[in-house]
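Colleague: Dropping a structure here in structure tokens format, bear with me for questions.
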Amino acid sequence: MSRRTIRLHTFCSVKGGVGKSALATACAKLLAVRGRVPVLVDCDLTGTSLADGLRLRAPAVTLLDDGSINLEAPPTGELLTVEQTRALRAQRRDALRRDGQRWKDRPPPPPYFNDPLNYAFLTKRPARVDALLWRHERDDRVLYLPSSSTHDDVVQSVEWFFGQPFDWARSFAWTLDGLAQQVPDLSDVVVDLPPGIWGFPHEALVLVSTLLREEPMPDDYPSWHAGPIRWAPNPFLVTSRDPNDILPALEYVARQRARVPTLKPVVNRDTEGLNALRSMARARVGPLLEAAGLHETLERVAEMSGLARLFWDGDVGVDDTLREVTKTLRLEEEP
């Protein structure tokens, strides 16, 4: 049986503010201009949303009688305008606050990543994720699944931190399975993880490790090991040059080297050059860097004005400067 390969690009970081989300967005846009079909999944449930920084259009979704999203309904094929999307977000914010409504059971529109994630947790099967995908106003051929930044959604998300280990990873895996089954031409999933190297991001990298080693999934996960889908992980840990950032980042990569050998540390917004960067890293981390071979895998992305303004302008064009990160992100490599 021939298996369909989908690349899984994951972006994590030790701390916020290092440009991880911008690089994940750039990755998705670069894939789209290469003729691939990427979905950018915003997994940061802790208070930020790609939908607030990009000019995205939410899908019009089928509603239940009480006005909540029917998470089992197929796509309507219609998109709201940016203005309609933002007005609907405000209505969701106010409805949650006014009615004490819990999005785990009856999420109001517009749809966010939170909703299929919680549906998968409750049912152990995927929602109709294909009906929940957003588009950019300029139709950049990227499909988006942003998280919600409304206060009550974020408060509800805190429950994931206190649940059983890997509840999040299991629900995330079912959501990915829904995307793979429901979007026939899907070629890539780009995952923007929350800041930090514990909790959600660490669980995601454990999932990446399982996929890299082609180990069987646990019983209550999708049966990818013997199924028609082959996931090909492409993981990154984005860091800055700050010693309080790059030191724990490189130490984490070194610790995970045996299980996630392809986890690549990338220093974003670097202004000094690769040789200076590697010398600094060698001085800070010492023998651990050499023993793990990190001095060879450490990469950099130069400061780019367009990427720096991404969430101010609401978009970034794919020009020759942005294309320079194609090699760093391993987008030319065969999965």
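The values are calculated or read from the model by the stated rules, or taken from the named source; none is laboratory data. Bear in mind that the values here come from a model prediction, so they are computed numbers and not experimental data. Here the Cβ positions follow ideal geometry from the backbone for every residue, glycine too, while neighbour counts run over all protein chains shown. The accessibility values were calculated without ligands, DNA or RNA, using every heavy atom of the protein model including side chains. Shrake-Rupley method; radii C 1.70, N 1.55, O 1.52, S 1.80 Å.
Colleague: In square angstrom, what is the accessible area per residue of the chain with a 1.4 angstrom probe?
Modeller: For the chain, the solvent-accessible area averages 42 Å² per residue.
Colleague: Quick check: at a probe of 1.4 Å, how many percent of the accessible area of region 175-237 sits on carbon and sulfur atoms?
Modeller: With neighbouring chains kept in place, the figure for region 175-237 is 55 percent.
Colleague: Let me ask something else about it. Mind pulling the per residue volume of the convex hull built on the Cα atoms of region 139-297? Å³ is fine.
Modeller: 161 Å³
Colleague: First compute the accessible area of region 1-97 with a 1.4 Å probe, then give the percent of it belonging to carbon and sulfur atoms.
Modeller: The computed percentage sits at 48.
Colleague: Let me ask something else. Please compute, for the alpha-carbon atoms of region 212-331, the extent along each of the three principal axes and give them in descending order in Å.
Modeller: Over region 212-331, Cα extents along the principal axes are 47, 41, 22 Å.
Colleague: Using a 1.4 angstrom probe with every protein chain in place, what is the largest-first accessible-area order of F311, F121?
Modeller: I get F311, F121, largest accessible area first.
Colleague: Would you please put 148-159, 78-89 in order of how densely packed they are, using the mean number of other Cβ atoms within 10 angstrom per residue and starting with the highest?
Modeller: Going by the mean number of other Cβ atoms within 10 Å, highest first, we get 148-159, 78-89.
Colleague: Taking amide H atoms as placed 1.01 Å from N in the peptide plane, list the residues 5 or more away in sequence, or in a different chain, whose amide H sits under 5 Å from that of V301.
Modeller: Under 5 Å from the amide H of V301: V267, N268, R269, D270.
Colleague: With the alpha-carbon atoms as the only input, what is the per residue convex hull volume for the chain in Å³?
Modeller: Output value, Cα hull per residue: 132 Å³.
Colleague: When DSSP assigns beta bridges and you keep just the ones with both residues in region 7-154, what percent turn out antiparallel, to the nearest 5?
Modeller: Taking every DSSP beta bridge within region 7-154, about 65 percent pair in antiparallel fashion.
Colleague: Find the Cα radius of gyration of region 106-152, compare it with 2.2 N^0.38 Å by division, and give the number to two decimals.
Modeller: That ratio works out to 1.24.
Colleague: Still on this structure, I have one more. Where does the Debye-calculated log10 I(q)/I(0) of region 65-177 sit at q = 0.12, 0.13 Å⁻¹, using only Cα point scatterers of equal weight, no solvent?
Modeller: -0.42, -0.49
Colleague: Mind jotting down the three principal axis lengths of region 7-103 based on Cα atoms? Whole angstrom, largest first.
Modeller: Taking the Cα atoms of region 7-103, the three principal extents are 41, 32, 25 Å.
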